[in-house]
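Inspection log for the structure reproduced underneath, given as structure tokens.
The values are calculated or read from the model by the stated rules, or taken from the named source; none is laboratory data. Every value quoted in this text rests on a predicted model; they were computed, and no experiment measured them. Don't worry about glycine lacking a Cβ; one is built from the backbone with ideal geometry, like all the others, and counts go over all protein chains shown.
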Amino acid sequence: MSQAVSRVAILVGILTALFLAALDQTIIATALPSIASDLSFPASLISWLATSYLVASTVSLPIWGKLSDIYGRKATLLTGVALFVLASVLCGFANSPLELVLLRALQGLGSAGIFANVFAIVGEVFTPRERPKFQGLLGAMFGLASLIGPWIGGLVTDAFGWQWVFWLNLPLGLIAMAVIAYKLPPLKNDRGGRIQWLSVLLLVLGVVPIMLVMAELGETRALLPSMAIALAFGVLMTAAFIYHEWVSKEPVLNVHLFRNPVYGRAGLATFVLGMSFLGTIIYVPLFAVNAIGVSATIAGAALTPLTFGFVLGNVLSGQLVSRIGFYKPVLVPTTFVQAVLFMLYAFWVSPELSFLGFALSLFVLGLSIGPTLPLYTQIMISSVSRDQMGVASSNATFIRQVGATLGLAMIGLLFTFVLSDSNAALLSQFAAQLPTQALAELQQLQVQGLTPEMIDQVVNNPTTQAAMQPLVAKSWSDSLAAVFFTSSIIAFIGFLFTAWMPDVNLHATDPVAKS
């Protein structure tokens, strides 16, 4: 078999593995009602089905990256896929909420083994000029999995039961493992090394409390005393971890790499940009339902143009970088356009918007966001030696996921505060026109955000209803505008880091040569 055919087979194997890990971040969403009903999930534990997966995946990424550099890409990728598939099968047999939450964490561990290796493998198998093009395909696969995940989850759950949402990973995982085992070379360096288990302990003690607090902050919208203590402990342990990595001869997360201006500034950019776009995905459907007045199903469709733009931006940016030979001519304008678009949306959104026009316009935003997933990762990989590509790849994903979690918690708080203040002003304005019982009921409902449906159910006076409905819709519109405004500032900071970053010359013999 020719080398070209062999490389295509390798690409198919790692794309299938990435599809598995990316799909499971969204496929469970539409299966949640059935899972909650069958296993009698308490409301407080439902969010942990996603949180346990995210936290376990994020905290173990640097560890998998180090293992990849020591034992080779093939061995660690196969281990990650095998662990992911095993956890998926066991999830389908879970009999209790706690059991399923713990098995989801095990799935997250396996997914980190996949994320930490697939980008590094592209860095080793393909030439510097080819890497952006194929990294774009990986980013596109990630976006495609995110797009079809909820749809597949609903279809499989309705047809076969929620267990098959997990069992679906078995045949796909076996195919990926067969291709990887048969076609992928070991990709192992001769430097060797070992894992510093004190580094691992400090990393877990530092990152886990911070991630859990950020996730909980997104739910409670308030920093409780217990959360503040956990956050302070996490920050302290993280500081201890960074110091230990600085003096360690075998660091898990090589902080010295951040002294490289290309690596360090690309890392800052990917962290900041990771904070900016999740708010759009979470809050646009809520705005569409409660401000524009479309159904939940149609509101979910608003994200389809955004996702298609994201996928196309991934692919086109990789092709452009491969042709141009430099990253910044693509990344600098796209990050600037992203910041400008967020700002325009902040002043544009209103209840009077055409839903179709608004949804279609998100395609352009997706185009500007698309390049940020694969290209910064490839910049960080291209700026280190071959025996550190696993650490560089896992670090890029780790940094982006921590940024996304922190950004979502921060933007969630902002959205809630603006919505709560608007609702309070609304109830104060209409307090004299509302019966005491109706006012008290709306004040209780205000905690979760007043909706047009709530007004219809609680307020019996048609005149008062008609006067309140536009203001309720505007409160959701103003809240999303605040999210877009904040995202614009964050994206602009990412643009500045990108402009500040030295470029990587892919025409040079040395892939790290700067322009």
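Any residue that is at pLDDT 80 or above, crowded, with 19+ Cβ neighbours inside 10 Å and within 21 Å of residue 399 (Cβ to Cβ) - is there at least one of those in segment 80-93? Yes, the conditions are met somewhere in segment 80-93. For segment 262-274, the count of residues that are surrounded by fewer than 21 Cβ atoms within 10 Å (Cβ to Cβ), among the aromatic types (Phe, Trp, Tyr) and out of contact with any Leu (no Cβ under 7 Å at 6 or more places or on another chain) is zero.
With respect to the conditions (1) over 22 Å from residue 280 (Cα atoms); (2) at pLDDT 80 or above, residue 482 falls short on a single one, namely (1).
Identify, please: which residue in segment 10-50 is part of a loop (DSSP other than H, G, I, E, B) and over 30 Å from residue 184 (Cβ atoms) and is, among those, modelled with the highest pLDDT? Of everything passing the filter in segment 10-50, 39 is modelled with the highest pLDDT.
Let me confirm something: among 305, 285, 251, which residue is under 27 Å from residue 194 (Cα atoms) and of a type outside the set (Val, Ile, Thr)?
Numbers: 305 fails: under 27 Å from residue 194 (Cα atoms); 285 fails: under 27 Å from residue 194 (Cα atoms).
It is 251.
For the condition among the small types (Gly, Ala, Ser), closer than 18 Å to residue 15 by Cα and over 23 Å from the mean Cα position of the chain (by Cα), what is the one hit in 120, 75, 116? Before the answer, list the steps.
Numbers: 120 fails: over 23 Å from the mean Cα position of the chain (by Cα); 116 fails: over 23 Å from the mean Cα position of the chain (by Cα).
Step by step, each of 120, 75, 116 is checked, and only 75 is among the small types (Gly, Ala, Ser), closer than 18 Å to residue 15 by Cα and over 23 Å from the mean Cα position of the chain (by Cα).
Scanning segment 468-510 for residues that are over 23 Å from residue 414 (Cα atoms) and either charged (D, E, K, R) or in contact with a strand residue (DSSP E or B) (Cβ under 6 Å, 6 or more places away or on another chain) (or both), we see that the one that is surrounded by the fewest Cβ atoms within 10 Å (Cβ to Cβ) is 510.
Being of a type outside the set (A, V, I, L, M, F, W, C), assigned to a helix (DSSP H, G or I) and at pLDDT below 80 is the filter here, so list the residues in segment 252-282 that pass it. Reasoning before the result, please.
So in segment 252-282, the residues of a type outside the set (A, V, I, L, M, F, W, C) come out as 254, 256, 259-261, 263-265, 267, 270, 274, 276, 279-280.
If we keep only those that are assigned to a helix (DSSP H, G or I) as well, we get 256, 259, 261, 263-265, 267, 270, 274, 279-280.
Scanning segment 252-282 gives 279, 280.
Taking residues in segment 189-209 that are of a type in the set (Ser, Thr, Tyr), and partners anywhere that are modelled with pLDDT under 80, the pairs with Cβ atoms closer than 6 Å and at least 6 places apart or on different chains are 199/252. If we keep just the residues of segment 450-467 that are part of a helix (DSSP H, G or I) and either in contact with a strand residue (DSSP E or B) (Cβ under 7 Å, 6 or more places away or on another chain) or among the hydrophobic types (A, V, I, L, M, F, W, C) (or both), which is surrounded by the fewest Cβ atoms within 10 Å (Cβ to Cβ)? Here the answer is 466.
Just checking, does segment 215-222 include any residue being modelled with pLDDT of 85 or more and outside any helix (DSSP H, G or I)? Show your work before the answer.
To start, the set of residues in segment 215-222 that are modelled with pLDDT of 85 or more comprises none.
No, segment 215-222 has no match at all.
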